[in-house]
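Nothing in this text is a laboratory measurement; each read-out follows from the coordinates by a stated rule. Only a predicted model underlies this, so the values are computations on that prediction, with no experimental measurement involved. Heads up, the Cβs are rebuilt from the backbone with ideal geometry, glycines too, and the neighbour counts pull from every protein chain shown.
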Amino acid sequence: MSNYGADNIKVLKGLEAVRKRPGMYIGDTNINGLHHLIYEVVDNSIDESMAGYCDLIKVELTREGSCIVTDNGRGIPVGWHEGENMSAATVVLTVLHAGGKFDKDTYKVSGGLHGVGVSVVNALSSKLVATIKREGNEHRQEFACGIPQTPLDVVKTTNRTGTTIEFWPDGSIFETTDFQFEILATRFRELAYLNPKITIELKDQRDGRAEVYHFEGGIKQFVLDLNKKEKVAEAVHYTASVEDVEVDVAMMYNSTYSEIFYSFVNNIKTIDGGTHESGFRAGLTRAITSYVSLNAGVREKDVKITGDDVREGLIAIVSVKVPEPQFEGQTKGKLGSSYVKPIVQKLVYEQLVKYFEENPIEAKAIMNKALAAARGREAAKNARDLTRRKDAMSIGTLPGKLADCQSKDPSICELYLVEGDSAGGSAKQGRDRVFQAILPLKGKILNVEKSRLDKILKSDEIKNMITALGCGIGDEFNEEKLRYHKLIIMTDADVDGSHIQTLLLTFLFRFLRPIVDNGYVYLAQPPLYRYKKGKKEIYLKDDTEMNTFLIESGMDSIDIAGVGTNDLVDFFKIISAYRGILKELEKRFSMIEVIRYLIENPDLIALPSDKLFAEIEGFVKKMGYNILNHYINDESIHLFIQTNDGLEELLLDETFYTNPLYEEARYIYTKIQERDFDVFDGRDPVIVLDEIEKSAKKGAYIQRYKGLGEMNPEQLWETTMNPENRRLLQVKVDDAQAASDTFTLFMGDEVEPRRQYIQDHAKDVKHLDV
C-alpha cells in the first residue's frame, strides 16, 4: 500500500493550474477551447465598449498562427501595483482573479466575471505580446506560457489609447491551433448586433478574407436578417431596465415550423439557456394563451395551446445585461441567477399584451399561427395512436424489412440504417446476427425540415425507423425504451449517399434530439478504394489515405541518403497536397507553369507590372514558348502565349492574387521550403512523387467503389461492420444553434440563402461528383 501523506499534496501556483487543467477554464482543448481564447480577449474590449470607451475592435489571424486583437479603449492600467509589487498590466496578464470586473465603478456590467480571462489566454499561449497605449506612451511586454520574458517597457510616445494582445496558442496543449474564420465571423457578427455602436473588423492574412461588422439596427436587425421566410407578423423590439437589469428583446414570426432562438447575458452567448430564457418563454406563452382565450372563435377556445405551439415559427433574440450574473461554469453556457426570470417574464408579458392591443391584425396572425401548431400537434398525436393500434392488431410490431438482432441488451445492440435494398441484402448476410440489426431504406426519406410532425408520421420509411428504435417520438419519447445504443447510418460515398445521410440526420436532430445528444448516432465509413497486389489486399478510406499509402509503398523506389523514411513520407504528403492544389488551379487558369513560377517566386509579385512582365517573358522563353501579345497596366497583365498545343490566354489581376487557391498554394510551398532536403539533384519533387506512386501502382489492381452494393457480404463485414476493423464517426453537436442554422440553410425551403452559400463556397470545391 502506497503512503499518502503531506508530500502528496501538490500546490499549483500562479498560472500552473491553468496549464495543468485547461478544460476547467476554457471548456476543452479542441476547436471550441481554441477559439474561446480569442473570445476572452475580445470580451474585454467589448466590456470597454459597454463602459463607453471603445468603438472599434480589430481581430487579425496571421500566417504565423497567431491572433492579434486590438481595441481603441482606455488601455490596461500600467501603473505600479503595490500589493503585487509589479505593474498593473502584468498583474492582469499573469494573476488569476485579477481585473477591473470586481470594481463596480469601473464596469457596471461585463462579460468577464472571474478575472481569469486574459491571464488564462496568457497561460495557454506559447508566446503572448501585450502592447498598451495609455497616458502618452506605448508600453510593451512579452510572455511565454504565462511567464514574463521582459518587463513592461515604454517603446515610444503616442497620443492614442488602446490595447493590443497578440498570442500564439500552445501546440503542446491544444489538439489544433488552426483558427477558423467562419467560427469567429459568426461570433463577431452576433457581438456587432448586440452592440450597435461598435465596429468589429476581422481579417485573415492566410487567405486574404476580411469582413467588417456594424449594425445600427441592433437585435431587431438581427431578427430580420435571420428570417429567410414569409413573415406572419412584423418584428417587435422592446427594451426595459428593472433593478439594474437591462432587458433587450426582439422577436417575429414566420411561416416555418421551427424556432430560431438566441440568448445572451452581458454579450456572452448562453447556448444552454438559463433563467432569462425561461422568463421569456413563460411571458410569451402567457401573453399568447391569454389573447387566444379572449379573442379566439367559439370552436377554438377549447384548443389547448402549449409552450411549443407558441414557439413554432418564432425568431427571437433575448439579451440581458446583469451586474453580477451567476453562470454555471467559466465558459458561461447557462445563466443561473434566479431573480432574472421574473423580470424578463414580466417585461415580455406586459410588452406583448400592449403590442397585441395596438396591433390587432398582427395579434390575430400570431394567434392563428399558434392555433395551427396546436392542431398539428393533436393530429400528430392521433397519427401515433392510430399507428399504435395497428401495431397491436398485427402479428409482429416490428417492421417487416427489419432484420433484427438476437440480443435484447440495448447497450450492445446496433441498428444499421442502410441505403438501398441491394446493400441491405449484403449487410444482412455479412452481419453478426447476435448484436447487429439491419433496416434497409428505400430511396430518400422525407425532408422533415419542410414538414410538421403529423405529415412526417405518414411516411412509411420514418414510421419503420421509429418503430424499430422503440423509443417513441414527440411527447411520448422515452429514451429508456431505445432498443439500440448504436444507430449507424451506412450510405454510399457519393452525392446521393451524402444527401441521404443529411436527410436522416435532419430527422434525428429535429425529432429525436436526445439520441444525437447522448452519442448514439454514428456514420459508417466504408472504404473508397481496394488495393490488391499479389496476396496483399488493403482497403483505403479516401483519396488522402490512398495517396499516403502509395507514398509509403513506393518509397523503396527512390534512394535518398541522409534522410529518414518518416521524414520523407511527411515531405511527400506535403508535395501531394501541393500537387493537388496545382491541379485545381489548372482548372481555373491556363499556363499552370507560369502560375507555379509565380507561386514559387513570391518576391516577383511586389515588382511593378512592367518588370514583372519581363520576368514572366524570360521564363516563358526558357520553356520554348513565345508571348504573341500582351496588355499591361498598374493592376493587371494580360498575356497571349503560343505553346506547342496552341494559343493560351492568361490574365493576372487582383482576382488571381486574392484567389484562395493561390494563397493556399503559396502557404503550402513555404512548408515545402522549410523541409527542402536539397537531395533531389535539381529534380522537381512533384515529378519524383509521380514516380513513387507509379512504382507503388505497378502490378497492382486498384478498385474505386461507387457504392456499397459493389461489395459482397464478406467485404462489407470486413471493412465496414466488423467492430475490430471498422471506422465509425460519432455524431456530436458542439453548438446546437449552429447545427440548427445549418439544417435550416441546407434543408429548408428557402432557396436564396442556399444559392448564396453555394456561390460563396464554389471556389472551395475540390472534388465534384457529377
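Here are some notes:
- Dipole axis of the chain (+1 Lys, Arg; -1 Asp, Glu on Cβ), positive-most option in 555, 504, 213: 504
- Put simply, the convex hull of the Cα atoms in the range 171-270 casts, on average, a shadow of 9.5 nm².
- DSSP beta bridges fully contained in the range 218-378 are about 75 percent antiparallel.
- Per-residue ellipticity at 222 nm, computed for the chain from helices alone with -39500 (n - 2.57) per DSSP H run of at least four residues, works out to -12500 deg cm²/dmol.
- P(r) of the range 16-213 over all Cα-Cα pairs, binned every 5 Å from zero, in whole percent: 1, 8, 16, 21, 22, 18, 10, 3, 0, 0
- Here, the range 20-77 has an Rg and a Dmax of 13.2, 37 Å when only alpha carbons are counted.
- Of all DSSP beta bridges confined to the chain, the antiparallel ones make up roughly 75%.
- Note on residue 622: lysines with a C-alpha under 29 Å away, same-chain residues under 8 apart excluded, are 583, 587, 611, 671, 694.
- Over the chain, Cα pairs under 8 Å with separation of 6+ residues give a relative contact order of 9 percent.
- Options 441, 89, 651, ranked by Cα towards positive dipole end of the chain, top entry (Cβ charges): 441
- Mean-position separation - Cα centroids, the range 174-224 and the range 264-284, in angstrom: 22 Å
- Loop-located GluC sites (Glu not before Pro) in the range 463-511 whose Cβ has at most 13 other Cβ within 10 Å (DSSP): none
- Low-density loop cleavage sites - trypsin sites (Lys or Arg not before Pro) in the range 481-535, where at most 11 other Cβ are within 10 Å (DSSP): 535
- Taking only the C-alpha atoms of the chain, the Rg (one decimal) and the largest Cα-Cα distance, Dmax (whole number), read 30.6, 91 Å.
- Residues in the range 611-619 carry Karplus couplings, in order, of 6, 5, 4, 4, 5, 5, 4, x, 5 Hz; the curve used is 6.51 cos²θ - 1.76 cosθ + 1.60 with θ = phi - 60°, and Gly or Pro positions show x.
- Counted over the range 545-706 with a bin width of 10 Å, the fraction of Cα pairs per bin, in whole percents, is 9, 33, 30, 20, 7, 0.
- Altogether, the Stokes-Einstein calculation at 10 °C and 1.306 mPa s, with the Kirkwood radius of the range 218-378 over Cα pairs as Rh, returns a diffusion coefficient of 99 µm²/s.
- Against the compact-protein benchmark of 2.2 N^0.38 Å, the Cα-based radius of gyration of the range 387-505 scales to 1.05.
- Taking packing as the residue-averaged number of other Cβ atoms within 10 angstrom, the listed peptides 573-580, 241-248 run from highest to lowest as 573-580, 241-248.
- Selection from 239, 314, 339 lying farthest towards where the dipole of the range 218-378 points positive, charges on Cβ: 314
- Counting only DSSP beta bridges whose two residues both lie in the range 16-213, roughly 85 percent are antiparallel.
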